[in-house]
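The structure's right below; bear with me while I get my questions together.
The values are calculated or read from the model by the stated rules, or taken from the named source; none is laboratory data. Keep in mind that this is a model prediction, so the values were computed, not measured. All Cβ positions, even for glycine, are placed from backbone atoms using ideal geometry, and neighbour counts span all protein chains on display.
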Amino acid sequence: MRAFVAIPLPDVFGSWLAVQRPVLVALSDSLRVVPPASGHITLRFLGDLSAVDLSSVMERLRTSLASQTGTTLVLSRLGAFYRQGYPSILWVGPASIPAEMQALASAVTTVLTGLGSNRRLEPFMPHVTIARFNGHGPKPSLPLLLPPVQPLVVPVSKVVLYESVLGTGTPTYIPQGAVELAGFVEGKD
């Protein structure tokens, strides 16, 4: 099973994305907005896991995250990942990362070391992929000027282990288990 650990987005993500859509599609004819169901903040990609590894991931997360404090993340700035000099992915992320979020990402990385296939060493940068640039259309003009977006408040109150089912279209993400974080109070930063 192909798996990753992530923070789910609130239900309002779909309506937030719908409001942002006109701003996003005005950036480029080759931009394709992702379905709202695809939205999440990845903490760790694991790749292919066996059923035994899946159980181990959940047990490790439950044990390690029991005392991790929840927080709120405000997604307020657009960014882009580039491939071969051109933008490939458009994302929204926070202007600043709360200490609780950094601690959570670090705890997940530490506890899952040795499981799965991801050996990436980049520093954690929370973001949500909101659109992809279609490689078949015209290349967007550079530099890519990113407009401001309406902030989206994301309560970080649980961590979910997802199965990623690939197909001919957008992947489908199926929750396999969740761990609630301690001390989360809605509306408290």
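Check whether at least one residue in the stretch 72-81 is of a type in the set (Phe, Trp, Tyr) and either surrounded by fewer than 18 Cβ atoms within 10 Å (Cβ to Cβ) or in a loop (DSSP other than H, G, I, E, B) (or both), and report yes or no. If you could, list the steps in order and put the result at the bottom.
So in the stretch 72-81, the residues of a type in the set (Phe, Trp, Tyr) come out as 81.
Checking the rest, the ones that are also either surrounded by fewer than 18 Cβ atoms within 10 Å (Cβ to Cβ) or in a loop (DSSP other than H, G, I, E, B) (or both) come to 81.
Taking every residue of the stretch 72-81 in turn, at least one turns out to be of a type in the set (Phe, Trp, Tyr) and either surrounded by fewer than 18 Cβ atoms within 10 Å (Cβ to Cβ) or in a loop (DSSP other than H, G, I, E, B) (or both).
Please find, within the stretch 113-131, the residue that is nearest to Glu100 (Cα to Cα) out of those that are modelled with pLDDT of 90 or more and crowded, with 16+ Cβ neighbours inside 10 Å. Talk me through it step by step, then tell me what you get.
Looking only at the stretch 113-131, we keep the residues that are modelled with pLDDT of 90 or more, and these are 125-131.
Retained after the next criterion (residues that are crowded, with 16+ Cβ neighbours inside 10 Å): 126-131.
Working: Pro126: 12, His127: 16, Val128: 18, Thr129: 22, Ile130: 24, Ala131: 27 Å.
This residue is Pro126.
Next question, about the same structure. Scanning the stretch 38-71 for residues that are among the small types (Gly, Ala, Ser) and assigned to a helix (DSSP H, G or I), which turns out modelled with the lowest pLDDT?
Pass one, the stretch 38-71, residues among the small types (Gly, Ala, Ser): 38-39, 47, 50-51, 55-56, 64, 66-67, 70.
Of the ones still in play, those that are also assigned to a helix (DSSP H, G or I) are 38, 51, 55-56, 64.
Numbers: Ser38: 89, Ala51: 84, Ser55: 90, Ser56: 91, Ser64: 92.
Applying the filter and picking the extreme gives Ala51.
Residues in the stretch 27-53 that are within 27 Å of Leu145 (Cα to Cα) and basic (Lys, Arg): how many? So that I can check it myself, show each step before the final result.
Here is the first cut: in the stretch 27-53, the ones within 27 Å of Leu145 (Cα to Cα) are 27-42.
From what's left, basic (Lys, Arg): 32.
Count: 1.
Can you tell me which residue in the stretch 56-71 is surrounded by the fewest Cβ atoms within 10 Å (Cβ to Cβ), limited to those that are of a type in the set (A, V, I, L, M, F, W, C) and under 20 Å from the mean Cα position of the chain (by Cα)? Write out each step before concluding.
To start, the set of residues in the stretch 56-71 that are of a type in the set (A, V, I, L, M, F, W, C) comprises 57-58, 61, 65-66.
Now restrict to residues that are under 20 Å from the mean Cα position of the chain (by Cα): 57-58, 61, 65.
On the way: Val57: 23, Met58: 16, Leu61: 24, Leu65: 21.
Per the criteria, the residue is Met58.
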